[in-house]
Amino acid sequence: MARLRSIKPSDGGRAHWREVLADFQQRKKLDGISEQTALDYDRHVNLLFKRYPDGWETEIALAEAVLSHMSDQIAPATFNSRLVYLRAFFKFCVEEKHIRVNPLEGIRKRKTENRAVAIEEDVLKALLNAPDQTTFTGLRDYTLILLTLDTGIRPSEALRLIPEDFNASAHEVYVPSKIAKSRIARTLPILDVTIKSLRRLISVRPKEWADDVPIFCSYEGKPLNRHTWGDRLEVYGKRIGKHIRPYDLRHVFALEFLRNGANAFATQRALGHTTMEMTRRYIALVNDDLKAEHAKSSPLNKLTEKTTRRRSIK
């Protein structure tokens with residue numbers, strides 16, 4: 001019977017997966033990944049070994065753990081997220097000779113449903129009316145909804161903004177490179193209604209809070225993550241009878257920005273995309289809307305109405 005290979009470094013001492021993850025994170029920092037991406041690597045690797053604590057004992061145990069983990073009944077987007085982060089970690093493990101084979105090598109992403117769908121205007125108005133602005137939490141949520149609809153900022157970026165990133169006089173919010181997903185800083189123009197709400201939110205912060213406490217934090221001054229924000233939107237969604245996710249608000253901005261005349265390059269810059277791939281998806285959706293409206297509203301619909309008697313062509 002073949003001997004199972006334990007996962008060990010070359011010196012014979014066992015390297016815990018946490019040590020390997022720490023080394024991996026150091027490598028990724030040198031590559032210039034954002035802090036949010038680093039947190040996502042931590043979350044995915046920790047989740048795997050929390051569920052399968054013996055998965056690091058042997059390569060067979062690891063392969064079985066990964067297979068079971070990836071076989072969950074999960075959405076394609078969740079599957080793809082697990083695949084990308086874990087495959088990169090295991091690729092590093094192979095390079096550093098902690099394991100011989102990447103258990104996710106050759107596994108393909110699943111096809112995802114395009115979530116960039118329109119949300120009706122009355123639903124958005126109901127969503128804005130849902131938070132109780134007489135409380136810090138309600139005012140925070142209302143302001144974050146406004147900011148996302150106004151700029152299309154990513155949830156992970158918005159939740160790490162600090163007061164100095166907000167410039168009321170210039171009508172701008174600055175997304176520093178260290179929190180931008182693309183690692184490229186960008187400046188986002190904002191409207192008066194967003195400025196007013198941001199000013200209110202910042203003005204009610206306790207004076208003892210440090211300057212680096214995020215604008216969109218808990219009432220105790222603790223940072224939020226995008227999953228917590230998703231839970232908050234779920235509460236409001238149930239209240240108004242519509243399921244809304246954090247990224248749905250970003251999609252609303254992108255679609256409306258294009259529909260109202262913005263060009264593709266301005267949309268790409270606002271959203272912080274490094275390529276035109278995702279922007280093209282939004283453009284395609286807007287074009288589909290245009291085709292549907294054309295089919296319904298073209299003047300030829302009236303000018304070429306069918307008559308009761310057709311004349312043959314001879």
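As a summary of the residue check, ILE119 satisfies the conditions (1) β-branched (Val, Ile, Thr); (2) in contact (Cβ under 8 Å) with a residue 12 or more places away in the chain; (3) surrounded by fewer than 20 Cβ atoms within 10 Å (Cβ to Cβ); (4) more than 23 Å from ASN287 (Cα to Cα) except for the one numbered (4).
Residues are listed down the side, and each one gets a yes or a no for (1) under 30 Å from LYS242 (Cα atoms); (2) modelled with pLDDT of 95 or more:
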site: ARG82; (1), (2): yes, yes
site: LEU86; (1), (2): no, yes
site: PHE92; (1), (2): no, yes
site: PRO103; (1), (2): no, yes
site: GLY106; (1), (2): no, no
site: ARG110; (1), (2): yes, no
site: ALA116; (1), (2): yes, no
site: ALA126; (1), (2): yes, yes
site: ASP132; (1), (2): yes, yes
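Quick check: anything in segment 141-152 farther than 18 Å from PRO246 by Cβ and in contact with a Phe, Trp or Tyr (Cβ under 8 Å, 6 or more places away or on another chain)? No: segment 141-152 contains no residue that is farther than 18 Å from PRO246 by Cβ and in contact with a Phe, Trp or Tyr (Cβ under 8 Å, 6 or more places away or on another chain).
Applying the criterion of at least 2 residues that are among the basic types (Lys, Arg) to the helices (runs of 4 or more DSSP H) found wholly in segment 186-295 leaves 192-203, 226-240, 246-259.
Evaluated against (1) in a helix (DSSP H, G or I); (2) assigned by TED's automatic domain parsing to the domain that holds LYS222; (3) β-branched (Val, Ile, Thr); (4) crowded, with 19+ Cβ neighbours inside 10 Å, ILE153 falls short on exactly one condition, (1). Whether any residue in segment 254-269 is modelled with pLDDT under 85 and among the hydroxyl-bearing types (Ser, Thr, Tyr) is what I want to check. No, every residue in segment 254-269 fails to be modelled with pLDDT under 85 and among the hydroxyl-bearing types (Ser, Thr, Tyr). Among the residues of segment 21-37 satisfying the criterion of being over 24 Å from ALA158 (Cβ atoms), free of Cβ contacts under 8 Å to residues at least 60 places away in the same chain and not polar (S, T, N, Q), which is surrounded by the most Cβ atoms within 10 Å (Cβ to Cβ)? Result: ALA22.
Selection of first residues in segment 202-229 that are assigned by TED's automatic domain parsing to the domain that holds THR148 and among the small types (Gly, Ala, Ser) and of second residues that are modelled with pLDDT of 95 or more and not in a loop (DSSP other than H, G, I, E, B), restricted to Cβ pairs under 8 Å at least 6 apart or on distinct chains, gives the following pairs, ordered by first then second residue: SER218/THR137.
Which residue out of PHE89, PHE79 is touching a helix residue (DSSP H, G or I) at 6+ places or on another chain (Cβ under 6 Å), outside the structural domain of GLY221 (by TED's automatic domain parsing) and at negative phi? Step through it out loud before you land on a result.
Details: PHE79 fails: touching a helix residue (DSSP H, G or I) at 6+ places or on another chain (Cβ under 6 Å).
Of PHE89, PHE79, the one residue that is touching a helix residue (DSSP H, G or I) at 6+ places or on another chain (Cβ under 6 Å), outside the structural domain of GLY221 (by TED's automatic domain parsing) and at negative phi is PHE89.
Of the residues making up segment 167-183, one or more are outside the structural domain of GLY32 (by TED's automatic domain parsing), polar (S, T, N, Q) and within 19 Å of the chain's Cα centre (by Cα). The set of residues from segment 49-63 being among the charged types (D, E, K, R) and under 14 Å from PHE90 (Cα atoms) comprises just one member, GLU59.
The residue of segment 84-107 that is farthest from VAL20 (Cα to Cα), among those that are of a type in the set (Lys, Arg) and assigned to a loop (DSSP other than H, G, I, E, B), is ARG100. Starting from residues that are exposed (fewer than 13 other Cβ atoms within 10 Å of the Cβ) and of a type in the set (D, E, K, R), keep the ones in segment 208-266 and report whichever is nearest to ILE119 (Cα to Cα). Looking at residues that are exposed (fewer than 13 other Cβ atoms within 10 Å of the Cβ) and of a type in the set (D, E, K, R), I get LYS238.
The values are calculated or read from the model by the stated rules, or taken from the named source; none is laboratory data. In this text the structure is predicted, and so the values were computed from the model without any measurement. Positions of Cβ are generated from backbone atoms using ideal geometry, with glycine treated the same way; all protein chains shown enter the neighbour counts.
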